[in-house]
Amino acid sequence: MPGLRWDALLGGVETEGSLAFWMYRLDSWGWLLFETANMAALATLMGAGAALLMAFPAARNLGAGRVVNPLARRLLEAMRTVPEIVYALIFVWAFGVGALAGILAIAVHTAGACGKLFAESIENTGLGAWDGVRSAGGSWAQACRFAVLPQVAPSLLSYALLRFEINLRSASVIGFVGAGGIGEELYKVIAFNYYEEISAILLLIILAVFAIDLLSERLRHRVIGAMR
Amino acid sequence: MGLTAGLRPVAALAQDDAAWTGARGMLELQGLTRRFGATVAVDHVDLEVPAGQMVGIIGRSGAGKSTLLRMINRLQEPSGGRILSGGRDVTALQGRALREWRRDCAMVFQQFNLVQRLDVLTNVLIGRLAWQRGWRAAMVLVGGRFTAEERAMALAALDRFGLAETALQRAETLSGGQQQRVALCRALLQQPRLVLADEPIASLDPRNAQLVMDALRDVNQRDGLSVLVNLHHLDTAREYCDRIVAMQAGKIVFDGTPAALTAERVRSIYGITEQEFAAEAEARRAAERAPAPLAVA
Amino acid sequence: MSAADVAAWRARIPGAFGGGARGRVLAVVGWAAFLLWLGWVLWHFDVTPRRLWNGLSGLATILRLMVPPSPGELWVDILQGLAESVAMAFLGTFVAALVALPLGFLGAGNVVTNTLFRFSLRRVFDGFRGVDQLIWALAFVRAVGLGPLAGVLAIATADVAVLAKLNAEAIENAERRQVEGITAAGGGWFARLRFGLLPQVLPVMLAQALYFFESNTRSAAILGVVGAGGIGLQISERIRVRHWDEVAFIILLMVATVAAIDWVSARLRRRLIGG
Ligand SMILES: Nc1ncnc2c1ncn2[C@@H]1O[C@H](COP(=O)(O)OP(=O)(O)OP(=O)(O)O)[C@@H](O)[C@H]1O
Ligand SMILES: [Mg+2]
């Protein structure tokens, strides 16, 4: 725990017991946190994008074929049952130490998790519009785009935002195995028993997670409201 | 085809039309059959429809009317028999050829089958999907970028039925009658040869039903499209159709002019009076309207 | 449709032709901002086609080496690790559920009526929730040393808060009438809790604990990555020495175990709340 003192709380970086003393590396931690958030955002974008493409063949009601449908479902299952950190361990070997491995690891897991939810959401829409587009000579892809996507877009978007919140947490620890973000720094300070730094970074992570949760909740309500 | 003729090269149009209206008839069903397990929904139906005819198909619930139309559009696969068009067999078409066949025989559904959360304009433009080629198809698929000409076409079609001002509204905000006319606009944008309408007025109140039937007749008479329409009101069929086909248990049991379908014929075909037939249809209409509450215009 | 017709329609309903100039500008600005951000992150994280290509070919090699999966020589260790993970998950959940029980009562509005206390307690719960289990694991490894104890403590700490919150909600949703019945019969505060509330909320709490046990078997499988015991330790060691066939074996084993536990626990839960 930080040795904060009331009388010195607002003192400068030099004053022992002040907030500034505790958070003396706020700038670099803040930057790391910002980087971590960007990792999470990019991973969510990539994962949700892949999930969107795979959810249509994986949905049971769109007649994607007796080979393609089970294949897509199995693939999504494989992507989501293996934990992110295991992917990260492997990707660090393949892509080298750094954020790329972490982003890809989170993205793969996200694609699996979101893909399942997306496919379920697709399975819950009526097929009236689908018949309408198909009967007009629309291709399978066109029917997905015009008959299904508009109906499920709000729920898909809100799932993706929810996933972003989860991914921020994951991105903050994926650095433990060398896959970038604030996790690497946290690993270091924990390894050296720098208790003040540990508490400072943890507090920052908690605050960031709170902030993103709040923001994304607002956004989700807005998305659902605007699209209704 | 005042609305859309400008889009198709005139020479090609003339050539196509010759094939379509040739001696073999524009649509010919030969022994068309569909089984669902033990039930035979459509049982060896033979039917020939010349160009420009408005054919009403009547029959009690479960007679196989919907299955018949859906098979023609190939939304459902036949278990046997053939569908010919201008002498060409369309029963086994696949891929692009199948999509082009579907484009040529536009379908209108009882429940409209619009994309509720899309605006009316885009719903109508869905009729243009099968016309997209190459990079235009990609633009449409990714960005929904239809050309200005196609948009103007859609607006003109909507305007024809007094709906141009609703173009930017969501489909779900329209009344049932309006939605059905939007569906008809979608069908027109396909520039089809044939319109298949599966109980287009079964979910509508009498006033809207009349508006939609008038629109169908207009399409038949002004655009010269053949229309196959499933109905379960004999009166409507008599009033609007050149020819009435009656189905019972998957078979065609009557095929003739409205005048020939007298009350006695109805009685001998169905074993019930025309009043009973109408009452049955009315009861079904009431039952079907109930579970699908529609927004007021 | 002539050009004049198109122009006439464009004049009559401009919205049908892609909106006004303002909408188009907004769209362009939005896309530009997005692409700018995308370009920046890709550049910042050094995501180049070359790196991706090299990584993918490396990944292909790894995947090739993964088949056929093989338990290797130390398969006893693997099984032990698996058992350890399941035990960690079980113990961790058990401890968490035990601690969360009284905390849930403290956090429930119909038991403790001091709003300020309840509010701060819930914020503390939320704070705990914001810290990932892996962080707790790492911290406990430093505190109590390498091994499964750290894992158990990490699981328990991370879950106490969430379970307590869920318990509090379950208690608040409990029916008043049964509690009032005890009051009418002359029961005191403790009797009201014990005989009025507990019988109602206990099955719900048990079901929740089971659910957490399920998800904890997943996380217990990876806590070993930071040294907190279990199968995660085995897997990270095998990855370190690049015995990919054994890695594949462990992953498959993990997935199968998790699926089996999910199945059993789902049935149990259905019996608890459904039956
Ligand atoms: N998908 C299906 N699966 C099984 N049986 C079906 C299916 N579709 C239709 N049937 C059966 O085929 C027969 C004909 O159905 P169809 O829907 O074509 O009749 P219909 O004349 O349109 O009746 P309605 O007036 O009720 O719409 C009925 O017995 C029906 O139960
Ligand atoms: Mg029908």
- Query: If you scan the range A:78-87, which residues turn out to be modelled with pLDDT of 90 or more and more than 9 Å from every other protein chain (Cβ to nearest Cβ)?
  - Reply: A:Met79, A:Tyr87
- Task: For residues that are over 17 Å from B:Ala278 (Cβ atoms), more than 14 Å from ligand 1 (Cβ to nearest atom), part of a loop (DSSP other than H, G, I, E, B) and of a type outside the set (D, E, K, R), tally how many sit in the range B:234-257.
- Result: 1
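So if I check each of C:Ala168, C:Ala220, which one is out of contact with any His (no Cβ under 8 Å at 6 or more places or on another chain), over 17 Å from C:Leu101 (Cβ atoms), open to solvent by less than 50 Å² (accessible area, probe 1.4 Å) and part of a helix (DSSP H, G or I)?
Unique residue meeting the criteria: C:Ala220.
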- Item | the range A:85-111 residues that are outside any helix (DSSP H, G or I), paired with ones that are open to solvent by less than 20 Å² (accessible area, probe 1.4 Å) (beta carbon under 6 Å, 6 or more apart) | A:Val97/A:Gly178; A:Gly98/A:Gly180
- Task: Give the residues of the range B:200-233 that are within 16 Å of ligand 1 (Cβ to nearest atom) and open to solvent by 10 Å² or more (accessible area, probe 1.4 Å), sorted by residue number.
- Result: B:Ile201, B:Ala209, B:His232, B:His233
- Query: How many residues, within the range B:183-216, are in a helix (DSSP H, G or I) and either under 16 Å from B:Ala157 (Cβ atoms) or hydrophobic (A, V, I, L, M, F, W, C) (or both)?
  - Reply: 14
- Query: Which members of the range A:164-186 meet the condition of being within 19 Å of A:Cys114 (Cα to Cα), buried (at least 24 other Cβ atoms within 10 Å of the Cβ) and facing chain C (nearest Cβ under 8 Å)?
  - Reply: A:Ser170
- Reported set for the range A:190-199 where residues are surrounded by fewer than 20 Cβ atoms within 10 Å (Cβ to Cβ) and more than 9 Å from every other protein chain (Cβ to nearest Cβ) is A:Phe192, A:Tyr194, A:Tyr195, A:Glu196, A:Ser199
- Six or more apart or on different chains, Cβ under 7 Å: which pairs go from a residue in the range B:131-160 that's without any contact (Cβ under 8 Å) to a residue 40 or more places away in the chain to one that's part of a loop (DSSP other than H, G, I, E, B)? Could you list them? B:Met139/B:Arg145; B:Val140/B:Gln132; B:Val140/B:Phe146; B:Ala152/C:Met1; B:Leu155/B:Ala167; B:Leu155/C:Ile13; B:Leu158/B:Ala167
- Message: Against the condition under 33 Å from the mean Cα position of the chain (by Cα) and open to solvent by less than 50 Å² (accessible area, probe 1.4 Å), how does C:Ala60 come out, does it pass?
- Response: yes
- Message: Here is a check on your reading of the model: is B:Ala197 buried (at least 24 other Cβ atoms within 10 Å of the Cβ), under 14 Å from the mean Cα position of the chain (by Cα) and small (Gly, Ala, Ser)?
- Response: yes
- For the range B:115-161, which helices (runs of 4 or more DSSP H) that fit wholly inside it have 1 or more residues that are open to solvent by 10 Å² or more (accessible area, probe 1.4 Å), more than 13 Å from chain A (Cβ to nearest Cβ) and of a type in the set (A, V, I, L, M, F, W, C)? B:134-143, B:148-160
- May I ask you to list the residues in the range B:81-109 that are open to solvent by 10 Å² or more (accessible area, probe 1.4 Å) and more than 10 Å from chain A (Cβ to nearest Cβ)? B:Gly81, B:Arg82, B:Gly86, B:Gly87, B:Arg88, B:Asp89, B:Thr91, B:Ala92, B:Leu93, B:Gln94, B:Ala97
- Inside the range B:35-77, can you point out the residues that are within 14 Å of chain A (Cβ to nearest Cβ) and away from ligand 2 (no atom under 16 Å from the Cβ)? B:Arg74, B:Glu77
- Task: Pairs only if they're at least six apart or on different chains, beta carbon under 7 angstrom, first in the range B:189-207 and touching a residue at least 60 places away in the same chain (Cβ under 8 Å) and within 11 Å of chain A (Cβ to nearest Cβ), second within 11 Å of ligand 2 (Cβ to nearest atom) and outside any loop (DSSP other than H, G, I, E, B); list them, first residue then second.
- Result: B:Leu196/B:Leu69; B:Asp198/B:Ser66; B:Asp198/B:Leu69; B:Asp198/B:Asn230
- On the given criteria, is C:Arg270 surrounded by 15 or more Cβ atoms within 10 Å (Cβ to Cβ) and either assigned to a loop (DSSP other than H, G, I, E, B) or of a type in the set (D, E, K, R) (or both)? no
- Query: Can you name the number of the only condition in (1) modelled with pLDDT of 90 or more; (2) touching a strand residue (DSSP E or B) at 6+ places or on another chain (Cβ under 7 Å) that B:His232 fails?
  - Reply: (1)
- Could you tell me whether C:Met88 is surrounded by 15 or more Cβ atoms within 10 Å (Cβ to Cβ) and within 14 Å of chain A (Cβ to nearest Cβ)? no
- Message: Being on the phi < 0 side of the Ramachandran plot, buried (at least 23 other Cβ atoms within 10 Å of the Cβ), free of Cβ contacts under 8 Å to residues at least 24 places away in the same chain and facing chain C (nearest Cβ under 9 Å): is that true of A:Leu207 here?
- Response: no
- Of those in the range B:162-188 that are away from chain C (no Cβ under 14 Å) and among the polar types (S, T, N, Q), the residue most open to solvent (accessible area, probe 1.4 Å) is B:Thr173
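The values are calculated or read from the model by the stated rules, or taken from the named source; none is laboratory data. Quantities reported herein were computed from a predicted structural model and do not represent experimental measurements. Every residue, glycine among them, receives a Cβ derived from its backbone with ideal geometry; neighbour counts consider all protein chains shown. Just the protein is used for accessible areas: all its heavy atoms, side chains included, with ligands, DNA and RNA removed. Shrake-Rupley method; radii C 1.70, N 1.55, O 1.52, S 1.80 Å.
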